[in-house]
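Trainee: Attaching a single structure in structure tokens format; questions to follow.
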Amino acid sequence: MTNGNPTQFKTENQLPILSSSSQSPLWLLTIVAISIFTSEIAVMIAFVWLPPPTVQMGVILDGVLLTILVSPVLYLFLFRPLNVHIAALHQAQDSLQQQRDHLEEEVQRRTAELIERNREIADREVHYRAVVEGATEGILTLDKQGLIVRDNTAAEKMFGYDPGMMVNLPLVQMLTPDSAKRCLGSDGLLYPVSNLSLEAQNKGGKTIPILLSISTFKYENDHYFTAIIQDISERVMFEKRLARLAYYDSLTGLPNRRLFHDRLGQAMEHAHRNGKLVGILFLDLDHFKDINDTLGHLFGDRLLQETAKRLSDLLRKEDTVARLGGDEFTVILESISNTADAEDIAKKILHSLRQPFNLGEHEIYVTSSIGITLYPLDDNDIERLIMNADSAMYQAKLHGRNTYELYTSKMLSETIDRVALEKSFRKAVGASDFLLQYQPEFVLHYQPEVDRYSGEVVGAEALIRWQHPELGMLGPDQFIPLAEATGLILPLGEWVLRTACMQAVAWRAAGLPPFHVAVNVSALQLKNRNIVQQVAHILKETGMDGRYLELELTESVVIDKSEELITILREFKEMGITISIDDFGTGHSSLANLQLLPVDKVKIDISFIRNITTSKQDTAIVVGIIEMAHKLGLKVVAEGVETEEQLMCLLSHHCDIMQGYHFSRPVAAENFEALLVNRVEVTPRNQSHQ
């Protein structure tokens with residue numbers, strides 16, 4: 001329809017058509033209606049007025065009637081133009097074609113949409129599988145019963161299954177029994193959880209720490225679960241390492257101070273309930289700093305590790321050995337009955353640590369000092385107990401080291417005094433001006449070294465003293481450890497060397513005979529890269545002849561036979577300086593090691609000289625040192641000679657030089673001059689000993 005008028009159809013040849021009146025549907029219907037009405041009237045009249053027809057007549061009437069009824073229709077088709085029918089057919093065909101075209105377009109559009117939709121679904125599926133298969137977490141799809149419907153590669157690797165073998169297995173089968181209970185509800189089915197820390201088991205039975213998250217989703221009216229499983233083995237190991245670092249010493253693996261405090265508290269509670277004692281031992285290694293400074297921190301660390309192992313092997317399972325730091329170790333002896341039990345353990349520790357340590361090419365000998373305190377006899381506070389044991393250990397060091405001491409109440413005040421002493425020492429050194437050699441609190445005393453053949457003073461050892469403003473004159477044992485611990489030994493050592501050289505030059509200027517002046521050099525000073533230049537500068541500055549300077553190195557220093565140390569000692573020798581090894585025999589080295597070093601003398605440690613007349617073992621050690629040193633071309637000095645018997649024994653074994661109270665205590669410079677002008681009688685009247 002267009003503009004409300006009937007559409008006009010034309011044939012291809014544009015044939016003329018009838019007038020509009022002849023084609024009117026109303027006109028055609030009128031003709032048909034009149035024809036039917038007329039026929040019906042005629043039939044009715046025939047049946048009413050005429051006699052009943054015969055059979056033949058009925059047939060004729062039926063034919064007439066049919067003709068009358070059909071004739072209008074035939075009229076319509078016979079007299080209506082053919083082109084009108086053809087146009088109608090074309091119109092219907094066109095309409096059908098349009099509908100078919102529209103339908104085809106719609107089918108094509110819907111098909112394209114379906115194809116695009118399927119491609120998007122396929123892309124999402126590929127992306128999903130790539131994400132799932134590339135994930136490091138195990139990802140499982142589970143049905144309502146908790147059976148695995150689908151898994152990824154990470155899950156198969158995590159649990160040790162071949163591809164596809166996890167399907168239809170229950171998730172709870174992958175968990176330990178306790179962990180399985182935690183992710184099942186009261187109905188025995190899974191329920192949603194988030195980052196639940198559990199333990200899983202792989203196919204081989206190995207336990208794996210995991211984080212499990214479970215969520216639900218619905219697909220085609222069925223309920224499913226998604227389980228994400230994260231293997232946290234590395235994280236758990238890292239957390240354990242962190243926890244161990246918090247409570248254990250990283251170098252030795254022993255409990256650290258924090259865990260030591262915790263275990264000591266537990267031991268004290270246990271002892272209180274059972275009426276027992278707890279022994280606390282505080283120990284450190286004697287002269288460990290020298291070893292650390294000479295051999296280096298690597299060897300020092302190895303020594304600490306071996307010490308920790310020996311201590312652990314000595315103790316019972318219920319006891320604890322801890323490292324507080326540096327070379328300081330503590331021991332907790334649980335449920336002991338008396339003081340003797342603690343002393344027995346201390347003796348075993350001392351004996352064990354005296355045995356040589358084989359560290360690579362070095363054979364190291366060390367000793368230790370131990371302090372002992374008891375709970376609840378000495379105190380019931382953890383910090384004070386540790387302080388008590390520390391005080392007792394310090395007393396053991398003052399008594400010669402390589403021993404143990406029991407805590408007494410007097411020691412606490414001594415510890416407090418020691419802390420105050422360190423403060424005063426820092427102040428004294430800090431206030432000094434070493435460049436001007438002005439230090440009112442520090443002075444040098446000198447102890448003579450006497451030749452066994454001539455009886456003359458052939459040397460003097462310079463020994464520092466601290467004139468404390470409140471405590472009076474203090475010996476080196478009371479503050480040198482503080483100087484080494486604080487690093488102040490460097491400026492202090494330089495001051496001692498310069499002052500001793502100045503004094504030696506002054507004695508020569510006064511006309512006194514030449515002799516060696518011996519100065520102790522610490523391991524820290526030898527670590528100073530400028531030590532050679534420093535010594536050379538002092539010799540030049542003071543006018544000291546290097547031939548009369550003797551540098552004493554502790555035995556622990558020369559244990560390091562490094563090229564650097566050998567070079568330093570050779571440069572000292574080129575200046576004419578004499579090199580001697582102090583405190584020899586305490587165990588850090590052997591005479592054979594000295595062959596590689598430019599050394600001139602060895603000084604036997606006082607601990608051997610003290611018992612030379614009463615101990616066959618000490619006598620044998622002293623005699624062995626003297627004989628071996630002489631074979632190596634070294635002179636031998638005996639320290640700590642205090643009695644005539646000791647002197648006679650040393651003379652009988654041809655010791656070269658003697659030093660000790662038997663000849664003189666260390667004295668001030670002005671008093672030392674009197675010893676130089678008088679020949680000291682050493683050789684006995686009977687010369688049979690020479």
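Trainee: Can you spot the lysines whose alpha carbon is less than 21 Å from K144's alpha carbon? Ignore those fewer than 8 places along the same chain.
Mentor: Answer for K144, where 21 Å is the Cα cut-off: K181, K218, listed by chain and number.
Trainee: Also, quick follow-up: Can you tell me how much longer the chain between Q595 and E644 gets when fully stretched, taken as 0.36 nm per residue apart minus their C-alpha distance, in nm with one decimal?
Mentor: Gain in length upon complete extension: 14.3 nm.
Trainee: If you don't mind, there's one more thing I want to ask. Can you compute the modelled spin-label distance between V172 and I566, with each label point 7 Å from Cα toward Cβ, in nm?
Mentor: Here the answer is 7.5 nm between the modelled labels.
Trainee: Taking 0.36 nm per residue of sequence separation and subtracting the Cα-Cα distance, how much length would be gained by fully extending the chain between T207 and K427, in nm to one decimal?
Mentor: Between T207 and K427, full extension yields an extra 73.1 nm.
Trainee: Once Rh is set to the Kirkwood radius over Cα pairs, what Stokes-Einstein translational diffusion coefficient, in µm²/s, holds for the range 422-681 at a temperature of 25 °C and a viscosity of 0.890 mPa s?
Mentor: Rounded to a whole number, D works out at 129 µm²/s.
Trainee: Students often check this: by mean Cβ neighbours within 10 Å, which of 645-654, 517-526 ranks highest, and how do the rest follow?
Mentor: On the way: 645-654: 18.0, 517-526: 22.3.
Put in order of decreasing packing, that is 517-526, 645-654.
Trainee: List the lysines whose Cα sits under 16 Å from the Cα of K527, skipping any in the same chain fewer than 8 residues away.
Mentor: Once the sequence-local lysines are set aside, what remains near K527 is K289, K561.
Trainee: Past the 27 Å Cα-Cα mark, which pairs from K410/K603; K157/K240; K276/K410; K540/K573?
Mentor: K410/K603
Trainee: Report, by chain and number, residues whose modeled amide H sits under 5 Å from the one on D656, excluding near sequence neighbours (fewer than 5 apart, same chain).
Mentor: Counting only residues 5 or more places away or on other chains, the set is V636.
Trainee: Short version: ³J(HN,Hα) in whole Hz for each residue of the range 296-312, in order, from phi by Karplus 6.51 cos²θ - 1.76 cosθ + 1.60 (θ = phi - 60°), x for Gly and Pro, what are they?
Mentor: Ordered by residue, 3J(HN,Hα) equals x, 5, 4, 5, x, 5, 5, 5, 5, 5, 5, 4, 4, 5, 5, 5, 5 Hz.
Trainee: Which three semi-axes in whole Å describe the equivalent ellipsoid of the range 135-236, each the square root of 5 times a Cα gyration tensor eigenvalue, listed largest first?
Mentor: In descending order the semi-axes read 20, 16, 12 Å.
Trainee: Among I568, I581, which comes first, second and so on when ranked by fewest other beta-carbon atoms within 10 Å?
Mentor: Numbers: I568 19, I581 28.
Ordered from fewest to most neighbouring Cβ atoms within 10 Å, I568, I581 come out as I568, I581.
Trainee: Report the extension gain between Q355 and R529 in nm, rounded to one decimal, defined as 0.36 nm multiplied by the number of residues separating them, less their alpha carbon distance. Before the final figure, lay out each step's value.
Mentor: Working: separation 174, 0.36 × 174 = 62.64 nm, distance 3.37 nm.
Full extension from Q355 to R529 adds 59.3 nm.
Trainee: Just to confirm the filter: which GluC sites (Glu not before Pro) across the range 265-343 are DSSP coil and have at most 13 other Cβ within 10 angstrom of their Cβ?
Mentor: Values: sites: E269, E306, E318, E328, E334, E343; in loops: E318.
Counting only loop positions with at most 13 other Cβ atoms within 10 Å, the GluC sites (Glu not before Pro) in the range 265-343 are E318.
Trainee: Can you report the principal axis dimensions of the range 458-550 using only the alpha carbons, biggest first, rounded to whole angstrom?
Mentor: 37, 34, 20
Trainee: Also, I was wondering about something else. Would you please give the residues with an amide H less than 5 Å from that of I364, counting only those at least 5 places away or on a separate chain, with H modeled from the backbone geometry?
Mentor: Counting only residues 5 or more places away or on other chains, the set is F357, N358, L359.
Trainee: Between K144 and H399, what is the spin-label point distance in nm, taking each point 7 Å from the Cα along the Cα→C-beta axis?
Mentor: Here the answer is 8.3 nm between the modelled labels.
Trainee: Mind checking the range 611-683 for chymotrypsin sites (Phe, Trp or Tyr not before Pro) that DSSP puts in a loop (not H, G, I, E or B) and that have at most 14 other Cβ atoms within 10 Å?
Mentor: Working: sites: Y661, F663, F672; in loops: Y661, F663.
Sparse-neighbourhood loop chymotrypsin sites (Phe, Trp or Tyr not before Pro): Y661.
Read-outs: derived from the displayed coordinates by stated rules, not from any lab. Please read all numbers here as calculations on a predicted model, not as lab measurements. Counting neighbours? That spans all protein chains shown, and the Cβs are built from the backbone with ideal geometry, glycine included.
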